[in-house]
Amino acid sequence: MTIADPHHWEIVIGLEVHAQVTSKSKLFSAAATAFGAAPNTQVSFVDAAFPGMLPVLNSVCVDQAIKTGLGLHAQINPLSIFERKNYFYPDLPAGYQISQYQRPIVGEGWLEIEPIPGTTRRVGIERVHLEQDAGKSVHDLSPQETYIDLNRAGIALMEIVTKPDMRSSAEAVAFLKKLRTLLRYLGTCDGNMEEGSLRADVNISVHRPDTPLGTRAEIKNVNSIRFVAQAINFEERRQIDLLEAGQRIVQETRLFDAHIGETRSMRNKEDAQDYRYFPDPDLLPLRVEQNRIEHVRTTLPELPDDKKRRFMETLGLSAYDADLIVSEPEYAAYYEVALTELCQHNVSSSQGAKILANWFLGDFFAYLNRTNIPIDTTPLTPARLANLVRLILSNTISGKIAKDVFALMTEEDGSAEEIVTRHHLQQITNTSTIEQIIAEVLGQEAEHVAAYKAGKDKLFGYFVGQVMKATKGKANPQTVNTLLKALLDRT
Amino acid sequence: MTELAYQSLAALRQGLCQRTFSAREIMQAFQTRHITHHSLNAFITACPDAALQVAADDADARLAKGHARTLEGIPLAIKDVFCTRNIRTTAGSNMLKTFVPPYESTITQKLRDSGAIFLGKTNMDEFAMGSSNTTSAFGRVVNPWKRANDDKPLTPGGSSGGSAAAVAAHLCAGALGTDTGGSIRQPAAFCGITGIKPTYGRCSRFGVIALASSLDQAGPMTKTVRDAAILLEIISGNDPQDSTSANIEVPHFEAEIGASIKGLRIGIPQEYQIDGMATELRELWHTGTQWLQDAGAEIVPVSLPSTSYALPAYYIINPAEASSNLSRYDGVRFAHRVTTNDLWELYEKSRAEGFGPEVKRRILIGTYVLSAGYFEAYYVKARKVQELIRQEFLDAFKSVDVLLTPTAPTGAFALDEEPKDPITMYLNDVLTVTVNLAGLPAISVPAGLTKEQTPLGLQLIAPHFREDLLFRTATVIESCACFPYWKEG
């Protein structure tokens, strides 16, 4: 028996991501899509598939799919077709899901990921298509009955299918994070995984490098990025173990059980449903004219990759800082508003950008984490944070005092400037004032001064500390250093 | 008073406008006949008498004030496949025996808005699947016509058999039907009335219970060609709620009535001379050609070589779409439900009890032809045949304006002589399905009688959205035929 060497195996991962399209109404009806409404209150006769009801395509959802396609550097197909995927389930009212099968709206594209800092890698996009979501079956309200909530039925989803381009759970995680960020920038999906706005099916197989791909398993409906990593890691181990034990992988659909962190078989290829896809005769083929694509292109925001590059190149931020700020559109928006505010006060952007980034990613993030206040509702507005940074840059307060001012800002109203005045926290830079304080301190420390004179140089730091203490930390540390040295030498 | 019921819709409308008689008098005439002709079983649901009288009185009040709308006070019958708000709508099926829609189909709404009064919902083949009205869960409909040599009840044709019988027996001023493969035209021919299937997309399908969505089209069934023109103009037009409805202007169809056909080129497709066609029908087709020629039209023989493939292609596409369209009747939200503790048993039993044999047959066929491994061989091929047929029509219309054919291969058969095997039954549609496959408009005009004195119809087919040509040409046939409309005794 040979010792299993995981390096001899290559893991091949492809993702099918279901992203709920941001739209006020459903894909084929005017019913609302808000999350958390009372059951069956957002259901039209079309959604409930009443006799004679017909789907009418929501053009907002089409524009959102085009926008997503453009964000993924993908081909937008001039002609796509809605088909029916037929199967019976109580939360699928029509007995078929309207989806796109042979001709999706978006064709091939790519997304760049950076699984290891400094190494980028492109993940190919196979296609993006539009489809309806199903309703929800609720099994735990009663031991005997299943309840159906059709609020979700008919909501638009984009199914984003990658090529089998990922080689580790870390790459899959990087892809999902990147995709989520992109969709949030585009405003085409809110990326809220707890509410089910983003779910992934994971296709995974293992093989020896330079041999044909292995048989794949599909893990359905994994609803968090952490679970995707767990599911892949488990599945990778399971498949390698099987192969090394001389067994074969069965093509099957598996479920991820988040409680135990394992996948288990749901159905194999033989039980696979025959969905009897055919073009939906209630809908005309979807034609997308070039000028519509160009119009949507004009609505594209600066995309996260471009923003990151700009932050690094023109603001001099580190890749790490730029990545963090860009990771959520709200972060970037906050940071940029604050930066603009700062620059309005004659602070050059390269001067302010870095120190603003430090404060933003340091104390400000810690505050957000601690308080759980959403960034867009925090009383610490971008203008207030910018104001604080400006006080540091103008030497009005020291970095140390700034931390106290920041803490006060989370509790009190007013600008940083007002708080500094209110609490008399201005930095003492006046030489004669500082000289006077030093003289007082040294006067009370005659013994230590003598020791210092006798060669105990280390006491210099002690004197600095005593002076700072006497000024409640407000004295400019540099000035204190210089003057203290001079005074000690003189005495 | 029964004389009023015999009149055409146009004549009733004129009489109402001129106050020769009242809407109430018309209503009473039809209501009386409903009782006397109950045995035809033309209606599944009749609207309550009291409500109808109130509606008629309202119409009279509007007429008196000079506020009359186009169809003010005109009593119509509606095939039970159109959803009507607060009026039970069954599609002829046990599945929907108790279904009362909370909404109205677009075209019945248009009729209501024009002042029409709905007498009730007419009987039909279950989910519009059938050509003899015998698949209805509410009993067969009887054609008011009888053969000269026996007293056997005859089929009114199907699936809009209730509407056809109601118009023929003067139980309404006009009716709505739907036509997926001939379901307006064949019953119109069997009952000696006019029926038009408009161009696919001319009328909204919103609120019409679907059989085969890519082929279904609603249309009027009336005594005269003019009546059909009047109704079609009202029910036509783009509907944002139906993506397949066309955004094309609706012409003033009634203006075509009596217009000259001089110089019009009439195509006679050779392939429509099928085996088993009644001799009288062949003769009538020839006579009809002669009438049009005498009126100044030019007769051109044309060829539509793929015609013989139309029926098999139709009986693949129709069940394929139907099998999917009918999946919503699962007993979960509305419609017939058998209570059990098991989900699959709920589906199976609800559908087994709710659907009749013809519906089940089409669901089986449709599911089969869409299945993996058969999809290419059946569905995809059928769609190719459909495209070929459409293309051949388009080619033919380069050299002719209108095509003339018989509507059905025979006259109405006796209900107890109905073919027992479905294939022979499907042959009834052989002359009509091509039109649905190609999305073209076609009209059936009553033009003559069989040896046994039962009605025969001639069919005219026009290019897409050229119903105007149909009305113009059909009027010529109508006036030459002097068709003897059915009367009692």
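Note on the range B:287-329: among residues that are of a type in the set (Asp, Glu) and surrounded by fewer than 23 Cβ atoms within 10 Å (Cβ to Cβ), the one that is nearest to A:Asp282 (Cα to Cα) is B:Glu298. Taking the range B:181-297 and the strands (runs of 3 or more DSSP E) fully enclosed by it, the elements with 2 or more residues that are away from every other protein chain (no Cβ under 14 Å) and more than 23 Å from B:Leu427 (Cα to Cα) are at B:217-222, B:265-269.
Considering only the range B:298-318, state which residues are among the polar types (S, T, N, Q) and within 14 Å of chain A (Cβ to nearest Cβ). It would help to see each step written out before you state the result.
Pass one, the range B:298-318, residues among the polar types (S, T, N, Q): B:303, B:306-308, B:318.
Scanning the range B:298-318 gives a single hit, B:Asn318.
Taking (1) modelled with pLDDT under 95; (2) surrounded by fewer than 18 Cβ atoms within 10 Å (Cβ to Cβ) in turn, B:Val332 satisfies each apart from (2). Screening the range A:134-236 for strands (runs of 3 or more DSSP E) wholly inside it with 3 or more residues that are out of contact with any Pro (no Cβ under 7 Å at 6 or more places or on another chain) returns the ranges A:156-162, A:198-207, A:217-222.
Given the criterion hydroxyl-bearing (Ser, Thr, Tyr), out of contact with any Gly (no Cβ under 8 Å at 6 or more places or on another chain) and closer than 25 Å to A:Phe406 by Cβ, identify the matching residue among A:Thr471, A:Thr431, A:Thr482. Write out each step before concluding.
Values: A:Thr431 fails: closer than 25 Å to A:Phe406 by Cβ; A:Thr482 fails: closer than 25 Å to A:Phe406 by Cβ.
Within the list A:Thr471, A:Thr431, A:Thr482, the selection yields A:Thr471.
Of everything in the range A:43-67 that is in contact with a helix residue (DSSP H, G or I) (Cβ under 6 Å, 6 or more places away or on another chain) and either of a type outside the set (Gly, Ala, Ser) or assigned to a helix (DSSP H, G or I) (or both), the residue that is nearest to A:Ser25 (Cα to Cα) is A:Asp63.
Applying the criterion of being closer than 16 Å to B:Asp330 by Cα and small (Gly, Ala, Ser) to the residues of the range B:86-102, the residue that is nearest to the other protein chains (Cβ to nearest Cβ) is B:Ala91.
Show me the strands (runs of 3 or more DSSP E) entirely contained within the range A:81-127 in which 1 or more residues are surrounded by 18 or more Cβ atoms within 10 Å (Cβ to Cβ) and hydroxyl-bearing (Ser, Thr, Tyr).
On the way: elements: A:82-86, A:96-100, A:109-116.
It comes to A:96-100.
Is it true that A:Leu176 is more than 12 Å from every other protein chain (Cβ to nearest Cβ), crowded, with 18+ Cβ neighbours inside 10 Å and in contact with a His (Cβ under 8 Å, 6 or more places away or on another chain)? No. Residues of the range B:176-190 that are in contact with a Phe, Trp or Tyr (Cβ under 7 Å, 6 or more places away or on another chain) and closer than 24 Å to B:Leu119 by Cα: B:Leu176 alone.
Is it the case that some residue within the range A:307-322 is more than 14 Å from every other protein chain (Cβ to nearest Cβ), in a strand (DSSP E or B) and touching a strand residue (DSSP E or B) at 6+ places or on another chain (Cβ under 9 Å)? Quick ask: steps written out before the conclusion?
Quick first cut of the range A:307-322, residues more than 14 Å from every other protein chain (Cβ to nearest Cβ) only: A:307-322.
Next, from what is left, pick out any that are in a strand (DSSP E or B): none.
No, the range A:307-322 has no match at all.
Can B:Glu256 be described as touching a residue at least 40 places away in the same chain (Cβ under 8 Å), among the acidic types (Asp, Glu) and either surrounded by 14 or more Cβ atoms within 10 Å (Cβ to Cβ) or over 30 Å from A:Ala31 (Cα atoms) (or both)? Full working, then the answer.
On the way: touching a residue at least 40 places away in the same chain (Cβ under 8 Å): yes; among the acidic types (Asp, Glu): yes; either surrounded by 14 or more Cβ atoms within 10 Å (Cβ to Cβ) or over 30 Å from A:Ala31 (Cα atoms) (or both): yes.
Criteria met by B:Glu256.
Count of the range A:267-299 residues, restricted to those that are in a strand (DSSP E or B) and more than 14 Å from chain B (Cβ to nearest Cβ), is 2. Residues that are over 16 Å from the mean Cα position of the chain (by Cα) and hydroxyl-bearing (Ser, Thr, Tyr) within the range B:415-469 comprise B:Thr424, B:Tyr426, B:Thr450, B:Thr454, listed in sequence order. Just one of B:Glu353, B:Glu345, B:Glu358, B:Glu321 is at the interface with chain A (Cβ under 10 Å from one of its Cβ atoms), under 24 Å from A:Phe50 (Cα atoms) and not β-branched (Val, Ile, Thr); which is it? Going through B:Glu353, B:Glu345, B:Glu358, B:Glu321 in turn, the sole match is B:Glu321.
Would you check if there is a residue in the range A:457-480 being basic (Lys, Arg), touching a strand residue (DSSP E or B) at 6+ places or on another chain (Cβ under 8 Å), in a loop (DSSP other than H, G, I, E, B) and not assigned by TED's automatic domain parsing to the domain that holds A:Lys354? Yes, that holds for at least one residue. Just one of the listed residues (A:Pro164, A:Pro115) is within 19 Å of the chain's Cα centre (by Cα), under 27 Å from A:Phe234 (Cβ atoms) and assigned by TED's automatic domain parsing to the domain that holds A:Glu235, and it is A:Pro115.
So is B:Gln53 within 25 Å of the chain's Cα centre (by Cα) and at pLDDT 95 or above or not?
Working: within 25 Å of the chain's Cα centre (by Cα): no; at pLDDT 95 or above: yes.
Criteria not met by B:Gln53.
Take the residues in the range A:216-246 that are among the polar types (S, T, N, Q) and at pLDDT below 95; name whichever of them is nearest to A:Ala174 (Cα to Cα). Walk me through it before giving the result.
Start the filter on the range A:216-246 by keeping residues that are among the polar types (S, T, N, Q), which leaves A:221, A:223-224, A:230, A:233, A:239.
Filter once more, so that each one left must be at pLDDT below 95: A:221, A:223-224.
Working: A:Asn221: 18, A:Asn223: 15, A:Ser224: 13 Å.
Ranking the qualifying residues of the range A:216-246, first place goes to A:Ser224.
So, B:Ala128, is that one within 20 Å of B:Val359 (Cα to Cα), within 14 Å of chain A (Cβ to nearest Cβ) and either modelled with pLDDT of 95 or more or out of contact with any strand residue (DSSP E or B) (no Cβ under 7 Å at 6 or more places or on another chain) (or both) or not? Considered against the rule, which asks whether it is within 20 Å of B:Val359 (Cα to Cα), within 14 Å of chain A (Cβ to nearest Cβ) and either modelled with pLDDT of 95 or more or out of contact with any strand residue (DSSP E or B) (no Cβ under 7 Å at 6 or more places or on another chain) (or both), B:Ala128 comes out as yes. Those helices (runs of 4 or more DSSP H) of the range B:383-481 in which at least 1 residues are closer than 28 Å to B:Arg361 by Cβ, considering only elements entirely within it, cover B:422-426, B:433-438. Only residues that are under 22 Å from B:Val81 (Cα atoms) and of a type in the set (Ser, Thr, Tyr) were counted in the range B:305-345, giving 6. Against the test of being touching a helix residue (DSSP H, G or I) at 6+ places or on another chain (Cβ under 8 Å), within 17 Å of B:Tyr272 (Cα to Cα), of a type in the set (D, E, K, R) and at pLDDT 95 or above, the options B:Glu392, B:Glu358 yield a single qualifying residue, B:Glu392. Of the residues making up the range B:324-341, those that are at the interface with chain A (Cβ under 8 Å from one of its Cβ atoms) and polar (S, T, N, Q) are B:Ser324, B:Ser327, B:Asn341.
Name the single residue, out of those in the range A:375-393 being of a type outside the set (Lys, Arg) and without any contact (Cβ under 8 Å) to a residue 40 or more places away in the chain, that is farthest from A:Leu324 (Cα to Cα). Only one residue fits best here, namely A:Leu391.
The values are calculated or read from the model by the stated rules, or taken from the named source; none is laboratory data. On a predicted model such as this, the values are computed, not experimentally measured, just so you know. Here Cβ is always computed from backbone atoms with ideal geometry, including for glycine, and neighbour counts include all displayed protein chains.
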